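The values are calculated or read from the model by the stated rules, or taken from the named source; none is laboratory data. As the structure is a prediction and not an experimental result, all values here were calculated from the model. Reconstructed Cβ throughout: ideal geometry from the backbone, glycine too, with neighbour counts over all protein chains shown. For accessibility, only protein heavy atoms count, side chains too; no ligands or nucleic acids. Shrake-Rupley method; radii C 1.70, N 1.55, O 1.52, S 1.80 Å.
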Amino acid sequence: IRQTQMALKKLRYLQRLGTEEELNLDETVDQTCRNGGEIELIFSPPRKNNSKVLLFMDAGGSMLPYTNVMEQLFSAAHQMTHFKDFQYYYFHNCIYEQVYTDIRMNKKTSVQTLLRTLDADYKVILIGDAYMAPEELIEPGGAIYYYHNNSTPGIEWLRRIEAHFKSCIWLNPIPSRNWNRPSIELIRKVFPMYELTLDGLDQGTKHLVRKI
């Protein structure tokens, strides 16, 4: 968990926010030199971490063997206090018009509401094996649950997420050597995909920061 937290710390995005109450030493020295040695104190707003993280996690089914590593990543992210905001939701196989705030998937949240209320600066991390029947992605009504008749294909909801947020990645617990599957290839066309390992998380966080 500690190693995971170290990787996630790279998501920090420091901005000067608020009133000018912090001494800017470099500017003070520079301005003092310009004044021929007469000291002039320069103040700037303090640097605050403005990172906001949105986590989507695939739960159940083929993701059960990866429960331990999923719990470790979630625990690491949840314990961190330097994010300005951290939100997390669950889905199964693919995201459709709703996601869930609990792992048992009883409490629904509209994806359209998230896209309307969350600004584009959130760094989005989706975690799942992306392994499903292709029709679950590309067909209306293709959701795996027989009682869930999604009118919009899952791939369209993924594209809407990618279009709204500036930086998104997908972390996959399946080794990359086994990514030659139709559903994985479709999702890789929407999101940059990395292995759900410490190295993959490190590469993914670097991508998220580059997209600021």
**Item:** With all protein chains modelled, accessible area of His78 [1.4 Å, Å²]
**Value:** 100
**Message:** Run through segment 120-151 and list the chymotrypsin sites (Phe, Trp or Tyr not before Pro) located in a DSSP loop whose Cβ has at most 14 other Cβ atoms within 10 Å.
**Reply:** Tyr145, Tyr146, Tyr147
**Prompt:** Roughly to the nearest percent, how much of the accessible area of the chain is carbon and sulfur, given a 1.4 Å probe?
**Reply:** 48
**Complete:** Taking a ≥ b ≥ c as the square roots of the eigenvalues of the Cα gyration tensor, with a/c under 1.5 meaning rounded and otherwise prolate when a/b exceeds b/c and oblate if not, segment 55-159 is oblate
**Prompt:** If the cut-off is a Cα-Cα distance under 18 Å, which aspartates and glutamates reach Lys123, setting aside same-chain residues fewer than 8 apart in sequence?
**Reply:** Asp58, Asp85, Glu162, Glu195, Asp202
**Request:** Hey, can you grab everything whose amide H is under 5 Å from the amide H of Ile127? Only 5+ residues off in sequence or another chain; H modelled, so Pro and N-termini drop out.
**Result:** Phe56, Met57, Asp58, Leu171
**Request:** Quick one: grab the alpha carbon gyration tensor of segment 86-212, order the square roots of its eigenvalues as a ≥ b ≥ c, and give me rounded if a/c is under 1.5, else prolate or oblate depending on whether a/b is larger than b/c.
**Result:** oblate
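Round to the nearest 0.05 the FRET efficiency obtained for Thr117 and Glu27 when R0 = 30 Å and r is the Cβ-Cβ distance.
The value I calculate is 0.20.
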**Item:** Probe 1.4 Å, accessible area per residue of segment 149-188, Å²
**Value:** 47
**Prompt:** Quick one: what Rg and Dmax do you get for segment 46-115 from the alpha carbons, in Å?
**Reply:** 13.6, 46
**Request:** Leaving ligands, DNA and RNA out of it, rank Ser51, Ser176 by accessible area with a 1.4 Å probe, largest first.
**Result:** Ser176, Ser51
**Asked** Listed here are the pairs Lys52/Lys206; Lys84/Lys166; Lys108/Lys189; which of them are more than 24 Å apart at the Cα?
**Response** Lys108/Lys189
**Prompt:** Does segment 138-212 classify as rounded, prolate or oblate by the C-alpha gyration tensor (a ≥ b ≥ c root eigenvalues; a/c under 1.5 gives rounded; else a/b over b/c gives prolate, otherwise oblate)?
**Reply:** oblate
**Item:** Karplus-derived 3J(HN,Hα), 6.51/-1.76/1.60, for each residue of segment 63-73, Hz, glycine and proline x
**Value:** 8, 4, x, 9, 4, 5, 5, 5, 5, 5, 5
**Asked** Using only helices, what value at 222 nm comes out for the chain when you add -39,500 (n - 2.57) per DSSP H run of length 4 or more and divide by the total residues, to the nearest 500 deg cm²/dmol?
**Response** -10000 deg cm²/dmol
**Request:** Provide the convex hull volume over Cα atoms per residue for the chain, in Å³.
**Result:** 142
**Request:** May I ask for the net charge around Ser110, where only other residues with Cβ less than 9 Å from the Cβ of Ser110 are counted and Lys, Arg are +1 while Asp, Glu are -1?
**Result:** +1
**Prompt:** Of Pro173, Pro140, Pro153, which is the most mobile in a GNM of the chain whose springs link Cα atoms less than 10 angstrom apart?
**Reply:** Pro140
